Amino acid sequence: MLRWRGLDDVPPGWGRCVVTIGVFDGVHRGHAQLITAATQAAAERGVPSVLMTFDPHPSEVVRPGSHPPMLSTLRRRADLAQEMGIDVFCVIPFTQQLSSWSPEEFVHKVLVEELHAAEVVVGDNFTFGHKAAGNVEKLRELGDRFGFEVTAISLFGEHAVTFSSTYIRSCIAAGDVELAAEALGRPHRVEGVVVHGERRGRDLGYPTANIAAPANSAIPGDGVYAAWFTILKGGTEPEGMTIGERYPAAVSVGTNPTFSGRNRTVEAYVLDVDTDLYGHHVAVDFVARLRGMETYDSIDDLVTAIGDDVDRTRTILAGED
């Protein structure tokens with residue numbers, strides 16, 4: 001799969017293609033419907049499929065400070081799109097200038113002059129152009145003018161629930177990672193770099209990896225979770241672990257109230273692994289919520305609770321192997 005950053009990366013002589021457009025945060029099951037439709041249409045036409053997304057999130061440019069919690073990094077979105085058969089992952093830098101373009105300008109400059117779209121696949125609630133003035137009807141009108149077809153898809157799941165990143169964010173904020181996984185089609189992932197923490201876990205017999213996630217990451221609500229822990233590509237391999245292989249982990253999200261903590265952290269105890277993880281880029285895939293964050297009267301009570309969390313994590317994830 002080709003990965004482009006901006007329209008300057010479009011190669012000379014680029015021909016026709018099928019384009020699907022959106023932020024695609026999380027690449028959830030609704031997005032998968034769009035991607036499948038785009039790749040199938042491209043195959044039928046004998047042309048490449050292009051997924052167009054934006055960075056930063058458009059809302060941050062239009063309304064600074066309103067950046068929503070992000071369900072996935074750009075790299076994660078690209079990797080998932082590649083797995084689904086997309087030929088080109090195109091990131092358009094979203095700027096004030098781009099946000100000021102009318103629907104006609106956006107279509108002519110991007111879809112017609114640069115990408116030479118033969119077909120555009122979008123959700124039926126798609127909007128574009130300055131102040132979201134364009135919709136699917138407008139896109140079809142412009143398609144008739146410039147010579148491309150438009151396919152609009154209704155993104156509904158079971159029980160008429162619309163698949164949306166906003167809905168998934170609300171599930172994650174509430175700690176309902178299982179409901180989020182149903183809409184995503186996979187467990188919700190948080191990526192980050194392992195940094196030094198308070199080292200309390202090691203003193204308790206459960207050394208944890210303190211994960212610093214990128215700003216605006218969608219972090220599950222406070223609690224303890226069963227999760228999969230993975231060392232991502234791009235760095236050295238920790239002793240006793242394999243890059244890309246997943247390991248069971250009990251993960252604590254919150255402020256460590258037993259120790260009167262103030263900073264919210266994501267700390268993963270990787271089962272049956274005791275190695276130096278500092279500086280490694282890792283991923284945590286949240287599978288199930290075990291309990292809420294609690295305050296314990298004694299360290300012994302806390303250690304007993306952690307032991308129970310580890311046992312439950314082992315049982316839950318054993319059924320997923």
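I'd like to check something: does the stretch 52-65 contain any residue that is β-branched (Val, Ile, Thr) and not in a helix (DSSP H, G or I)?
Checked against the condition, which is being β-branched (Val, Ile, Thr) and not in a helix (DSSP H, G or I), the stretch 52-65 yields at least one hit.
To keep it simple, each residue is scored yes or no on (1) under 30 Å from ALA226 (Cβ atoms); (2) within 26 Å of the chain's Cα centre (by Cα).
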| residue | (1), (2) |
| --- | --- |
| VAL88 | no, yes |
| PRO93 | no, yes |
| SER100 | no, no |
| ALA117 | no, no |
| GLU137 | no, no |
| GLY143 | no, no |
| LEU184 | yes, yes |
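Annotation: of all residues in the stretch 248-260 being hydroxyl-bearing (Ser, Thr, Tyr) and in a loop (DSSP other than H, G, I, E, B), the one that is modelled with the highest pLDDT is THR255. When ALA38, ALA78 are checked against the criterion of being under 18 Å from PHE163 (Cβ atoms) and assigned to a helix (DSSP H, G or I), a single residue qualifies: ALA38. Only one of the numbered conditions (1) at pLDDT below 95; (2) out of contact with any helix residue (DSSP H, G or I) (no Cβ under 8 Å at 6 or more places or on another chain) is not met by THR295, and that is (2). A residue that is assigned to a loop (DSSP other than H, G, I, E, B), in contact with a strand residue (DSSP E or B) (Cβ under 9 Å, 6 or more places away or on another chain) and among the hydroxyl-bearing types (Ser, Thr, Tyr) occurs nowhere in the stretch 306-316. Hey, does the stretch 102-110 have a residue that's over 27 Å from the mean Cα position of the chain (by Cα), hydroxyl-bearing (Ser, Thr, Tyr) and surrounded by fewer than 19 Cβ atoms within 10 Å (Cβ to Cβ)? Yes, because at least one residue in the stretch 102-110 is over 27 Å from the mean Cα position of the chain (by Cα), hydroxyl-bearing (Ser, Thr, Tyr) and surrounded by fewer than 19 Cβ atoms within 10 Å (Cβ to Cβ). Contact map, the stretch 34-55: residues that are surrounded by fewer than 24 Cβ atoms within 10 Å (Cβ to Cβ) paired with residues that are in a helix (DSSP H, G or I), Cβ distance under 7 Å, separation 6+ or inter-chain. Pairs shown: ILE35/ALA81; PRO48/ALA42; THR53/ARG77; ASP55/LEU74.
Restricted to the stretch 111-140, and to residues there that are farther than 21 Å from ILE153 by Cα and modelled with pLDDT under 95, the residue that is surrounded by the most Cβ atoms within 10 Å (Cβ to Cβ) is HIS130. When the stretch 223-238 is filtered for residues that are modelled with pLDDT under 95 and touching a Ser or Thr at 6+ places or on another chain (Cβ under 8 Å), only PRO238 remains.
Restricting attention to the stretch 261-301 and to residues that are assigned to a loop (DSSP other than H, G, I, E, B) and of a type in the set (Asp, Glu), the residue that is farthest from the chain's Cα centre (by Cα) turns out to be ASP297.
Going through (1) touching a residue at least 60 places away in the same chain (Cβ under 8 Å); (2) surrounded by fewer than 19 Cβ atoms within 10 Å (Cβ to Cβ) one by one, PHE89 falls short only on (2).
The values are calculated or read from the model by the stated rules, or taken from the named source; none is laboratory data. Quick caveat, the model's predicted, so the values are computed rather than measured. Every residue, glycine as well, gets a Cβ built from its backbone with ideal geometry; the counts of neighbours run over all protein chains shown.
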